[in-house]
Structures are given as C-alpha cells and as structure tokens.
Amino acid sequence: MKKRFEIAVLPGDGIGPEVMAPTLDILRLVCSGFELGLTSFDAGAGHYERTGESIPDSVLDAARRSDAILLGAMGLPHIRYENGTEIAPQLELRELLHLYAGVRPIQTFEGVPLPLASPKASKLDLVLVRESTEGLFASRGSQDIDGDEVARDTMVVSRPTCEKLFDFAFELARQRKSRGLAGRVTCVDKANVLTSMAFFRRIFYERAERYPDITADCCYVDAVALKLVKQPWEFDVLVTENMFGDILSDMGAGLMGGLGMAPSADIGSEHAVFQPCHGSAPDIAGQGKANPVATFLSAALMLEWLGEKHQLPAMNHAADRIRTAIRAVFLRGDLLPFEFGGQAGTSEVAHAVARELDGS
C-alpha cells in the first residue's frame, strides 16, 4: 500500500492561486510510489478583508495536522492591519509552528538570463539558511514608540534557537558534501558592531566543534553582499539572522534571474512550509504572466524534505524529476517567461514542464 501524505495548500493572494494551480498538476504528475492528499484552504489578505481574520483557527489546526504546508503568496499592499503592517500569515506560521530554519536555495539554470556574465554564474549551487523566528523580526507586531519622536525594534538572538539553526546548517552542508559539494558553512553576521551578533557568532563556533568534517568560517553581512555580487560561487551554505537573511535571499533570487525562479522552505523540528520567495505581485495578478517555476521548485523541496524525513526515496526521485524537467525546458532556449522580457506566461511555462515530465 502506498504511503499517503496530507498537504495543506494555501494559495493565498494575488498571483498565489495562479501559480498554485499548475503546481498541484505538476505534483500529481510525479506521484509514483506515494500519494498526496492536496487540500486547499483560504487565508491571507483577501480573507482578512472579507472576514477580519488573516488565517482562521481551523486552517491553523489543519496546517498542524498536515504532513507539510504548500503556500502560494500572501499579502496585498492596500490591505493592512491597524498598525500599518501588511497581512502576513506566512510569518505567523513560522512563529506558531517554530519554523526556525528558512532555507533559500540559490541554484541557476542554463538558458535563464542571468545578471553575471561569468560561465560559473550558470552553475551556481549554494544555500542561504535564514533564522526565521527571532532576530530583528522578533519585534513584529509590537509598538515601542515614544510619542512622535522615537520608534524602537529589538533584535532577539537566543541560544536554543541558534543551536538548532546552526546544527541544521551543518547537517545540510554534510549532506551537500556527500554529493561532492564543498562542505562549508559561513556564518553571516555583524559581530564587529552588535553584541547580539557577537553572541550569534560565538554560538556558531561552539556548534562547529561538533562537525569537524565541515569547514566553518564567518563573514560580515556587508562583505557577503559584495561577494554575492562578484563571486557567489565561492559560498556553499550561508547561515544568518532573520533580517539579514530576508535581504540576502532577494539578492540570491537576483543571481538566479529573478524571484520567479527562487524557491524557499521554512523548516522546524516537526513542521515545514514551502513557498516561492516572491510575493503576491498584485500588479500582474489575473494577467497570466506570473512565472510558476519558483512554486514548482518549492514543491520539489517539499517532496525532498518528506522523502528524507520518512526515508522514502520515491519522493526524492519525484523532486529530482521536477528539477530535471525545468532544467530541460530552459536549456532548449525556446521558452522565455514574461519575467525575463519574453512572451511565455504561466500556462505556457507550466505546459512545457508538464510535457517534459510526461516524456520522462
């Protein structure tokens, strides 16, 4: 009997539903040796506007019961909470489900227009691991404002979360090393200025002692930003604080060609959410122009995570099939999404990938 996994699907707002629909079709194409129960739930800014709730308790309960959560995009700039911040249930999920490790793969595909001219740029394979529950985001939702003169946000760096985060990054580097990659973790911080970052770095080196087979080093965030522009291929696994990771992950998406190519995962000890790095893009919503590849790749990350967690190689194989199909589509050079100035919309890209999967 095939093992069945229940997936809570949150299409969300803007282009979220547009990129989610073909992603579910892609997942159905690669189900072999396992089954997926794909159940959609309503949450996000649109739901908040209609009901006053961004993510109902019933949806949270379903997310907790699921084997994984697949999310499209959430938030709309014109719909905000009373304090002026955007509706962001995806951030609430990170906090409520303790998803401390934000995984942002930076992997390029030949045939995709890239900003760097070096031949090495078309073969990038590195990962940014972003702490996703603390850091400067810990002040989210609080209001520390003195009249109309001063506003404060507090950075939080705790030992328990750092230890889990760094162990995750070292284990990831160990897995990558087994596949022939560098086996190196770089801690990205600002330890020369901020006490919290010096603490972050100290814990990093403490945990590094448990992984003598992995190279461990540190680099200030501004220097990393420079190197990502000039020589990103020098990195393997980067691990950093929440806000730094938020910024650098978009730089990583730029190295891949754009946000439409950038997948992500937010992983905890029990739960995980998988979603594209891009937002809801209301400026192109409803036009069929959204690039669905980032969501396809996020779904592949989900399959890979489930396969490793449950020791089910069929799921890892399904993830590889999705990536291989995407690579083949772009390598042919006859399809260019709107994101890159081409004419291929959501359905054209989805059909091209589906055809590759049908023939594989």
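The values are calculated or read from the model by the stated rules, or taken from the named source; none is laboratory data. Small disclaimer: the values here were computed from a predicted structure and weren't measured. Because the Cβ atoms are built from the backbone with ideal geometry, glycine has one as well, and the counts that use them run over all protein chains shown.
Miscellaneous remarks
- Single residue of the range 300-312 satisfying the filter (in a helix (DSSP H, G or I) and in contact (Cβ under 8 Å) with a residue 60 or more places away in the chain) that is surrounded by the fewest Cβ atoms within 10 Å (Cβ to Cβ): TRP305
- Residues being in a helix (DSSP H, G or I) and either in contact (Cβ under 8 Å) with a residue 40 or more places away in the chain or β-branched (Val, Ile, Thr) (or both) - total across the range 73-98: 5
- Criterion (modelled with pLDDT of 95 or more, in contact with a Cys (Cβ under 8 Å, 6 or more places away or on another chain) and closer than 27 Å to GLY37 by Cβ) met by exactly one of ALA294, ALA319, ALA354, ALA350: ALA294
- VAL239 vs. criteria within 22 Å of ARG176 (Cβ to Cβ), touching a Cys at 6+ places or on another chain (Cβ under 7 Å), in contact (Cβ under 8 Å) with a residue 12 or more places away in the chain and assigned by TED's automatic domain parsing to the domain that holds GLU171: yes
- Selected residue (only one of LEU335, LEU357, LEU331 is of a type outside the set (Val, Ile, Thr), surrounded by fewer than 16 Cβ atoms within 10 Å (Cβ to Cβ) and either in a loop (DSSP other than H, G, I, E, B) or more than 17 Å from the chain's Cα centre (by Cα) (or both)): LEU331
- Scanning the range 116-132 for residues that are more than 21 Å from the chain's Cα centre (by Cα) and within 13 Å of GLY252 (Cα to Cα) gives a single hit, LEU116.
- Residue match in the range 288-299 (condition: part of a helix (DSSP H, G or I) and not hydrophobic (A, V, I, L, M, F, W, C)): yes
- The residue list ILE7, ILE15 contains one member that is among the β-branched types (Val, Ile, Thr), surrounded by 18 or more Cβ atoms within 10 Å (Cβ to Cβ) and either in contact with a Pro (Cβ under 9 Å, 6 or more places away or on another chain) or without any contact (Cβ under 8 Å) to a residue 24 or more places away in the chain (or both), which is ILE15.
Let's see how each residue does on (1) touching a Ser or Thr at 6+ places or on another chain (Cβ under 8 Å); (2) in a loop (DSSP other than H, G, I, E, B):
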position	(1), (2)
VAL239	yes, no
ILE247	no, no
ASP250	no, no
LEU255	yes, no
GLY260	no, no
SER264	yes, no
GLU270	no, yes
VAL273	no, no
SER280	no, yes
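- Entry remark, the range 17-68: residues being over 21 Å from ALA314 (Cβ atoms) and not polar (S, T, N, Q) number 28 in total.
- Yes/no for ALA198 being under 27 Å from LEU136 (Cβ atoms), touching a residue at least 40 places away in the same chain (Cβ under 8 Å), in a helix (DSSP H, G or I) and not assigned by TED's automatic domain parsing to the domain that holds TRP305: no
- Among the residues of the range 249-258, those identified as surrounded by 21 or more Cβ atoms within 10 Å (Cβ to Cβ) and either modelled with pLDDT under 95 or not hydroxyl-bearing (Ser, Thr, Tyr) (or both) are GLY252, ALA253, LEU255, MET256, GLY257, GLY258.
Results for (1) more than 29 Å from LYS164 (Cα to Cα); (2) under 15 Å from the mean Cα position of the chain (by Cα), shown as yes or no for each residue.
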| position | (1), (2) |
| --- | --- |
| THR51 | yes, no |
| ASP61 | no, no |
| GLU95 | no, no |
| ARG104 | no, yes |
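- In the range 46-72, the residues that are over 26 Å from GLU308 (Cβ atoms) and in contact (Cβ under 8 Å) with a residue 24 or more places away in the chain: GLY46, TYR48, GLU49, SER54, ILE55, VAL59
- The range 201-240, subset more than 21 Å from PRO105 (Cα to Cα) and aromatic (Phe, Trp, Tyr), residue surrounded by the fewest Cβ atoms within 10 Å (Cβ to Cβ): TYR205
- Considering only residues in the range 59-73 that are within 16 Å of GLY37 (Cβ to Cβ) and of a type in the set (Gly, Ala, Ser), the one that is surrounded by the most Cβ atoms within 10 Å (Cβ to Cβ) turns out to be ALA68.
- A search for C-beta distances below 6 Å between a residue of the range 140-153 that is exposed (fewer than 11 other Cβ atoms within 10 Å of the Cβ) and any residue that is modelled with pLDDT of 80 or more and of a type in the set (Lys, Arg), counting only pairs 6+ apart in sequence or on different chains, returns ASP144/ARG152.
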